[in-house]
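Please treat every number below as a calculation from the coordinates, not as lab data. These numbers were taken from a predicted model, which means no experiment stands behind them. Heads up, the Cβs are rebuilt from the backbone with ideal geometry, glycines too, and the neighbour counts pull from every protein chain shown.
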Amino acid sequence: MSARAAVTTTPYGEVDAAALEGLQSRYDTTRVLDAVDTLDELRTGLNDPEGLRDDLLRLHGIAHALVNGANFAATTRDVSIVEQIEDVLDQIDHYVAGLLSIRDVVRPLEALRHEDLAGPDRD
């Protein structure tokens, strides 16, 4: 049988005591605020009228015409389907990278979850 880690009760619930001690000595909580800034930048980009949503709709129109034989879709930009695909993928990669960076900031805090608190579907 393995030794049980100590649990500390905080105003925010029970946490792994050793993980809390480690985070207190090395985790910079301002990184979470930086993550909020990153999220705000991503949200702004997603809400941009000339952003990913419109580019996906434009790509659908082009693909629908090419693949399904639909009427030619009028676009406001003179781009090829290859350029449109590259643009959409670049934007998606940018958003994914931003979200992954936010996850990397939050992930160390996950250590606070004590193994006794994990539950069967939280592993």
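For segment 12-33, the set of residues classified as more than 19 Å from Glu115 (Cα to Cα) and over 14 Å from the mean Cα position of the chain (by Cα) consists of Gln24, Ser25, Arg26, Tyr27, Asp28, Thr29, Thr30, Arg31, Leu33, listed by residue number.
Conditions tested, residue by residue: (1) under 30 Å from Tyr12 (Cα atoms); (2) in contact (Cβ under 8 Å) with a residue 24 or more places away in the chain; (3) surrounded by fewer than 15 Cβ atoms within 10 Å (Cβ to Cβ); (4) under 15 Å from the mean Cα position of the chain (by Cα).
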residue: Leu57; (1), (2), (3), (4): no, no, yes, no
residue: Val67; (1), (2), (3), (4): no, no, yes, no
residue: Val79; (1), (2), (3), (4): no, no, no, no
residue: Leu89; (1), (2), (3), (4): no, no, yes, no
residue: Asp93; (1), (2), (3), (4): no, no, yes, yes
residue: Leu99; (1), (2), (3), (4): yes, yes, yes, yes
residue: Arg103; (1), (2), (3), (4): yes, no, yes, yes
residue: Leu112; (1), (2), (3), (4): yes, yes, no, no
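Glu41 is checked against (1) among the charged types (D, E, K, R); (2) loosely packed, with under 11 Cβ neighbours inside 10 Å; (3) in a helix (DSSP H, G or I) and fails just one. What number does that condition carry? Failing condition for Glu41: (2).
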